[in-house]
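One structure is given below, encoded as structure tokens.
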Amino acid sequence: MLEDKDIQKLKEVFATKEDLERFVTKGDLDKAKRELLQEIFVTKEDLEVFREEVRKSFSDLHTAIDAYAKKVDTFAQEMIMLAHKVDRHEKWLHQIAQKLGIKFEY
């Protein structure tokens, strides 16, 4: 049978409840796991923030492209008007040269 002396030796060798409280529990590991997963993986909120940033960037880009397209369109219209003006001036030069009897070549 066990004597008090043997029980005392066993108490010294084996961990007590108080000794085991210093160790990490399953709850502690689960909490650490959740925190780690939140840092590593993207959450729905993160995706929504990213989606809004992309929408704003796309909107800004679209606005910039529209402004540039308007400038290009205005420039193209000015070039067409300028080409018609040059054609008109060239026609007048031919008419003047013909009336003055000058041979006009280019």
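The values are calculated or read from the model by the stated rules, or taken from the named source; none is laboratory data. A quick note: this is a predicted structure, and the numbers were derived from the prediction, not measured. Virtual Cβ from ideal backbone geometry, glycine too; neighbours counted across all protein chains shown.
Quick test for you: out of Lys5, Lys33, pick the one residue that is among the basic types (Lys, Arg), surrounded by 10 or more Cβ atoms within 10 Å (Cβ to Cβ) and modelled with pLDDT under 95.
On the way: Lys5 fails: surrounded by 10 or more Cβ atoms within 10 Å (Cβ to Cβ).
Checking each option against the conditions leaves just Lys33.
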*State all residues of segment 41-65 that are of a type in the set (D, E, K, R) and surrounded by 10 or more Cβ atoms within 10 Å (Cβ to Cβ); if no residue qualifies, say none.*
Asp46, Glu48, Arg51, Glu52, Glu53, Arg55, Lys56, Asp60
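To keep it simple, each residue is scored yes or no on (1) exposed (fewer than 10 other Cβ atoms within 10 Å of the Cβ); (2) at pLDDT 95 or above; (3) within 29 Å of the chain's Cα centre (by Cα).
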{"residue": "Phe14", "(1), (2), (3)": "yes, no, no"}
{"residue": "Leu37", "(1), (2), (3)": "no, no, yes"}
{"residue": "Tyr68", "(1), (2), (3)": "no, yes, yes"}
{"residue": "Gln77", "(1), (2), (3)": "no, yes, no"}
